[in-house]
Amino acid sequence: MKKISFIHAADLHLDSPMVGLTHLPTNIFTRVKESTFRALKNITALAIEEQVDFVVLAGDLFDGEDRSLRAQSRFRTEMLKLAEVKIPVYIVHGNHDHLNGSWVHLDMPENVHVFNSEVETMMLQTKSGQVVHLYGFSYPMRHVFARKIDDYKKVAGADFHIGILHGNEGTGTEHDNYAPFTVKDLLEKDFDYWALGHIHKRSILSENPPIIYSGNIQGRNKKETGGKGIYHVTLTDLGKTLKFIETSDIIWEEYTIDATSADSFHDVLQLCQIALNHVRKDKTGTLLTLFLKNVQLDDTREKRSLDGELLELLLDDEKDEASFVWLVDLIIIESQQIDKEQLKTKANFYADLFETIEHFDEITNTLSPLYEHHLAKKYLSPLSPTEQEELIEKAEKLLIELLYQS
């Protein structure tokens, strides 16, 4: 029986700056900064343990086009481990680590194979004698909007054909439309597996043949929740096995507590402590956004304690935990909703305000100074339609609160 085994990983973003987290305790921030490297170590350890035939890395290995020496050196160390056990690695570079960047170059060991800027085919003969053709290209520059999928051509003479593509599936609107393709495009190529990168959320676009976004190997902000990792893939002439394995050392999570049953500050505290232990994972750190809804405390002093002391108490014992749960955000959701119709009767101004907000469609232009800033634009990703709506709703709530205070 013909058989190959490999690891598909993508979007490593090694040495990601983890923007906005410098307020964390030093030991936790250090661990967060190291998390992408720890995830990479988990990948190489798994490849060696499973004795895979090869490893595929589908773009954005490095977080920036400058490819820091620290990131290159740490990556090279892991590649040398794979070289010692004769596991080849096939790499395409994506929009973040494109070939036109400027960096001090470190040579990689001979087991590392990098696709050039045009779609090409690389041939591998595994230890068991199977012939594999791998197809891919690296971004020559940051912005690649061409349909590079049209240049992928199946080459006869292999037992298995693996496509590697860092790009955006045509129906996806939340990410830059780099190297666009459709599932139909990929199916027509008649490959045995498609290893995709660029989208940080794990997704299976097709089961047969497998067309898969493995997602990134380590979440880097609160939008990238849940366990991140890689696929360990086994293909045979009779079928396939796809196994997702988590590699992240730090996990971002969200959790909502319904505090309807809480009659005191102590009750709320206990509910929060139960929640923290519920999301806690062995040997893994968690950065948590906690939503607290339906809080109704009669005591004014206890209400005030929710705003500051609750967070302090919950963080007290976490910074020295290996399996810490650190609250990056504690959001108390007010149970009382804004009665817009009642406000409109108080003054015509409110009717005009709500009308303006309801039809506001200039959020992109409003935020453009931030996205065009020479530093900020390197770290900001476009807002999804849902995130835009949430931002407008928060702005509306803040405006009304300020108007009430004036």
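None of the figures in this text is laboratory data; all of them are computed from the coordinates on show. Source: prediction; values computed, not measured. Here the Cβ positions follow ideal geometry from the backbone for every residue, glycine too, while neighbour counts run over all protein chains shown.
A few points about this structure:
- Segment 231-298 - share of DSSP beta bridges that are antiparallel (%, nearest 5): 40 percent
- Separation between Cα centres of segment 88-159 and segment 3-62, rounded to whole Å: 19 Å
- If the convex hull is drawn through the Cα atoms of segment 128-247, its volume per residue in Å³: 125 Å³
- Residue among LEU40, PHE324, SER16 farthest towards the positive dipole end of the chain, charges placed on Cβ: LEU40
- Table column - 3J(HN,Hα) (Hz), segment 101-115, Karplus curve with 6.51, -1.76, 1.60, x for Gly and Pro: x, 10, 8, 7, 7, 10, 5, 9, x, 5, 7, 9, 10, 10, 6
- Length-normalised contact order of the chain in % [C-alpha pairs under 8 Å, at least 6 apart]: 13 percent
- In whole percents, the pair-distance distribution calculated for the chain from its alpha-carbon pairs, binned every 10 Å from zero, is 4, 19, 26, 23, 15, 9, 3, 1, 0.
- Rounded to the nearest 20, the Cβ-based charge dipole of segment 3-246 about its Cα centre (Lys and Arg +1, Asp and Glu -1) stands at 640 debye.
- Segment LYS189-ARG147, length gained on full extension (0.36 nm per residue, minus Cα span): 13.7 nm
- If both residues of a DSSP beta bridge must be in segment 148-218, then about 25% of such bridges are antiparallel.
- Along its first, second and third principal axes, ordered by size, segment 1-108 spans 55, 33, 21 Å in Cα coordinates.
- Residue-by-residue Karplus 3J(HN,Hα) for segment 231-246, coefficients 6.51, -1.76, 1.60, Hz, glycine and proline x: 10, 9, 10, 10, 10, 10, 6, 10, x, 8, 9, 10, 10, 7, 10, 6
- Only lysine pairs 8 or more places apart, or on different chains, with alpha-carbon atoms under 26 angstrom apart are counted in segment 173-283, and they number 25.
- FRET efficiency for the pair LEU391 and HIS105, taken as 1/(1 + (r/R0)^6) with r the Cβ-Cβ distance and R0 = 56 Å, rounds to 0.85.
- Cα gyration tensor of segment 102-162 - equivalent ellipsoid semi-axes, whole Å, descending: 24, 19, 6
- Fluctuation leader among LEU367, LEU327, LEU80 - the chain, Gaussian network, Cα springs under 10 angstrom: LEU367
- In terms of overall dimensions, the C-alpha atoms belonging to segment 9-71 reach 42, 26, 17 Å along their principal axes, ordered largest to smallest.
- Efficiency of FRET from Cβ geometry, ILE274 and VAL19, R₀ 35 Å, rounded to 0.05: 0.65
- Between ARG304 and PHE29, the modelled label-to-label distance comes to 3.1 nm, taking each label 7 Å out from Cα in the direction of the beta carbon.
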